[in-house]
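**Q** Attaching a single structure in C-alpha cells format; questions to follow.
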Amino acid sequence: MEKMNRTELGASIFGAFLGTLTASFFSFMTLDIISSSVIMASTGASAMVIFGAPHSPAAQPWNLVGGHVVSAIIGVSCYKFVPNALLASSLAIPIAMLAMHLLRCTHAPGGATAITAIIGGEAIHELGYAFVIIPVFFNAIILLSAAMSVGYFREINPFDIESKTWPE
C-alpha cells in the first residue's frame, strides 16, 4: 500500500468525515435507526477503503458503486427466494463474490451490503429491490463524490480514466 503524505492524509480524513456524515444523514432520514445503523457498517467499511487506501483497485469508482449495487441485488434476491436467513446469508456472499469478480467490481464491503439486505430488519425488507437504490446506490455515490472532491488535494487525479485500475 502506498503511503500518504500529510496533505493526502488530511484530505482523506476530512473526506471520510464528510462522506460518512452525509451518507449517515441520508440513511437516518430514509430508514429507522436500527436499519440505518446496519447499512452504515458497509458504508463505513467503504469509507475506510476509498479514503484510507485511495490507490487500491478496490477504491476505484466502478468497484465502489458496482460492488455495492451488485451485492445489494443479490442480497435482496437471496432474502426473497431463500426462506432460511442463515442459508440466504451464506449464499449471498459467494454469489456476490462471483458476480463482482465477473463484473470486475470487487469491493469487499459489498459483502456486508449483501448480508444487510437479509438481516437488516423490517425497514430494509419492506424496501425490497428499492434497497438497491435507497440507500445503497445513493450512499455509494455520496462517498464517491466526497472522494473525488478531496482527490484534488491528493497527488492522484480522480478523473484519470487511463488508470490501470479501471475495467477493460
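The values are calculated or read from the model by the stated rules, or taken from the named source; none is laboratory data. None of the values given here were measured: they were computed from a predicted structure. Backbone-built Cβ (ideal geometry, glycine too); neighbour counts: all protein chains shown.
**Q** Taking the range 56-103, which residues are without any contact (Cβ under 8 Å) to a residue 12 or more places away in the chain and either in contact with a Gly (Cβ under 7 Å, 6 or more places away or on another chain) or not in a helix (DSSP H, G or I) (or both)?
**A** Val82, Pro83, Asn84, listed by residue number.
**Q** Report every pair of residues separated by at least 6 positions or lying on different chains whose Cβ atoms are under 8 Å apart, first residue within the range 35-53 and in a helix (DSSP H, G or I), second among the acidic types (Asp, Glu).
**A** Final answer for the pair search is Ser35/Glu122.
**Q** Going residue by residue through the range 127-146, is there one that turns out to be part of a loop (DSSP other than H, G, I, E, B) and either at pLDDT 90 or above or of a type in the set (S, T, N, Q) (or both)?
**A** Yes, the range 127-146 has at least one match.
**Q** Same structure again: Which of the residues spanning the range 104-134 are small (Gly, Ala, Ser), more than 16 Å from Asn63 (Cα to Cα) and touching a Gly at 6+ places or on another chain (Cβ under 8 Å)?
**A** If the condition is that a residue be small (Gly, Ala, Ser), more than 16 Å from Asn63 (Cα to Cα) and touching a Gly at 6+ places or on another chain (Cβ under 8 Å), then Ala117 is the only one that fits.
**Q** Determine whether the range 21-44 contains at least one residue that is over 19 Å from Ala117 (Cα atoms) and among the polar types (S, T, N, Q).
**A** yes
**Q** Leu103 passes all but one of (1) touching a Phe, Trp or Tyr at 6+ places or on another chain (Cβ under 9 Å); (2) modelled with pLDDT under 95; (3) of a type outside the set (Phe, Trp, Tyr); which number fails?
**A** (2)
**Q** Mind listing whichever residues of the range 17-33 are assigned to a helix (DSSP H, G or I) and surrounded by fewer than 21 Cβ atoms within 10 Å (Cβ to Cβ)?
**A** Phe17, Leu18, Leu21, Thr22, Ser24, Phe25, Phe26, Phe28, Met29, Thr30, Ile33
Let's see how each residue does on (1) more than 30 Å from Phe14 (Cβ to Cβ); (2) of a type outside the set (Gly, Ala, Ser); (3) surrounded by fewer than 20 Cβ atoms within 10 Å (Cβ to Cβ); (4) in contact with a strand residue (DSSP E or B) (Cβ under 7 Å, 6 or more places away or on another chain):
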position	(1), (2), (3), (4)
Ser35	no, no, no, no
Ile39	no, yes, no, no
Thr43	no, yes, no, no
Gly52	no, no, yes, no
Pro57	no, yes, yes, no
Gly66	no, no, no, no
Ala72	no, no, no, no
Ser89	yes, no, yes, no
Ala92	yes, no, no, no
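**Q** Return the pair list, or none, for Cβ contacts closer than 6 Å from residues in the range 104-122 that are on the phi > 0 side of the Ramachandran plot to residues that are part of a loop (DSSP other than H, G, I, E, B) and surrounded by fewer than 24 Cβ atoms within 10 Å (Cβ to Cβ), at least 6 apart or on different chains.
**A** That search, which allows pairs on different chains as well, returns Arg104/Pro167.
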